[in-house]
Amino acid sequence: PRSDAPPQETEENLRSPICCIMGHVDTGKTKLLDCIRGTNVQEGEAGGITQRIGATYFPADNIRERTKELKADAKLKVPGLLVVDTPGHESFTNLRSRGSGLCDIAILVVDIMHGLEPQTIESLNLLKMRNTEFIVALNKVDRLYGWKVCRNSPIQKAMKQQSKDVKNEFSMRLTQLYYNNREMGETFSIVPTSAISGEGIPDLLLLLVHWTQNNVLEVKVVEGHGTTIDVVLVNGVLHEGDQIVVCGMQGPIVTTIRALLTQHPMKELRVKGTYLHHKQIKAAQGIKIAAQGLEHAIAGTGLYVVGADDELEDIKEASMEDMKSVLSRIDKS
Ligand code: GDP
């Protein structure tokens, strides 16, 4: 790993925070992302399960636009927000734990009609283990009986429009959550949301950005995952021509970045389309790297950049350490 220039805490230099989205299957993780992004990945997916980690970049302008009704005049200091979408099926525990390890903050999605479910608990444990802050999106509020739709509205405004019965049902379901969750004594930020009609989405975005931009972040390590060439750049800067090392089936793969590609903002890496080429890319970003020899790279392991002062042999060794940790986790599960 290398540090590029000494990190300076200027606004221009803040990297984009990374947020992962977790929760039980069918709570609406994909739909929530779609709602923020204004696309529909969910319906394009076989069986509706996110098969591998996808990543979506939300530029600051987009966040500003979506939160303007909240009149939170605090300046948006980060260049954007990278949201990593984690697979929702139980057999993906391994990948999922990888996902939460990358994150500065998480959204834990809970279906208000179902409350706590097995993977909610599993996610909570992972988040606790890794000391990751999280916001609870209490999703599907539109399913409360008699809910009056207030499209894309801040949640307090939407709540004011609701009948007494709806408000009562809401409080009842919220209280149930507390009872089921005795173990956790802290205060959570719970944002009621609807991924269908968009209530509460402005609040969610604002909370994410406010929290993370007050907690940003040294600039150093590069870590990769996905299949052969999709990586999430967690920290630091990548350049075309950089020498990189990734963990491969038959040993470390040393190669040179031929092209650095991203999708247009707001599209997801998994969605096919045209790519933007970059001379360099700053974290955090979902990136496609084109380089020779990546066919045998192992998904979920780290990607290392060889800096001028780095010993190639040390880095090759470090990259293979990653494989050991991935394999040992597979063995256990
Ligand atoms: P995931 O498995 O957590 O990614 O869940 P999905 O995003 O695939 O959503 C599961 C189902 O719940 C789909 O049928 C969605 O259309 C539906 N759904 C998701 N969010 C909401 C919501 O806020 N309100 C309602 N009524 N349905 C939702």
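The values are calculated or read from the model by the stated rules, or taken from the named source; none is laboratory data. Note that the structure is predicted; figures quoted are calculated from it, not measured. Positions of Cβ are generated from backbone atoms using ideal geometry, with glycine treated the same way; all protein chains shown enter the neighbour counts. Remember, those area values only see protein heavy atoms, side chains included, never the ligands or the DNA or RNA. Shrake-Rupley method; radii C 1.70, N 1.55, O 1.52, S 1.80 Å.
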What accessible surface, in Å², does a 1.4 Å probe find on K148, ignoring ligands, DNA and RNA and rounding to the nearest 10? 110 Å²
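Place the peptides 199-209, 59-69, 115-125, 133-143 in order of packing, highest mean first, counting for every residue the other Cβ atoms within 10 Å and averaging per peptide. All intermediate terms of the calculation are to be shown ahead of the outcome.
Values: 199-209: 24.3, 59-69: 15.7, 115-125: 17.5, 133-143: 22.4.
Packing proxy ranking, top to bottom: 199-209, 133-143, 115-125, 59-69.
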Mind ranking S171, S16 by accessible surface for me, highest first, 1.4 Å probe? S171, S16
Counting only protein heavy atoms and leaving out ligands, DNA and RNA, the solvent-accessible surface of D26 at a 1.4 Å probe, in Å² to the nearest 10, equals 120 Å²
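Arrange the residues W147, W211 by how much accessible surface each exposes, largest first, with a 1.4 angstrom probe. Walk me through the numbers on the way to the answer.
Values: W147 25, W211 80 Å².
Solvent-accessible surface, decreasing: W211, W147.
Given K71/K128; K77/K316; K29/K71, which pairs have Cα atoms separated by over 28 Å?
Values: K71/K128 32 Å; K77/K316 36 Å; K29/K71 26 Å.
Pairs exceeding the cut-off: K71/K128; K77/K316.
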Label H114 and K279 with points 7 Å out from Cα along Cα→Cβ: what is the distance between them in nm? 4.9 nm
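Would you rank C20, C35 by solvent-accessible area, highest first, keeping every protein chain in place and using a 1.4 Å probe?
Working: C20 0, C35 25 Å².
In descending accessible area the options line up as C35, C20.
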What accessible area, in Å² to the nearest ten, does a 1.4 Å probe give for H114? 110 Å²
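What net charge do the residues around S194 carry, taking every other residue with its C-beta under 10 Å from that of S194, with Lys and Arg at +1 and Asp and Glu at -1? Intermediate results must be reported in sequence, preceding the final value.
Details: positive: K31, K140, R143, R151; negative: D142, E199.
Combined, the nearby Lys, Arg, Asp and Glu give +2.
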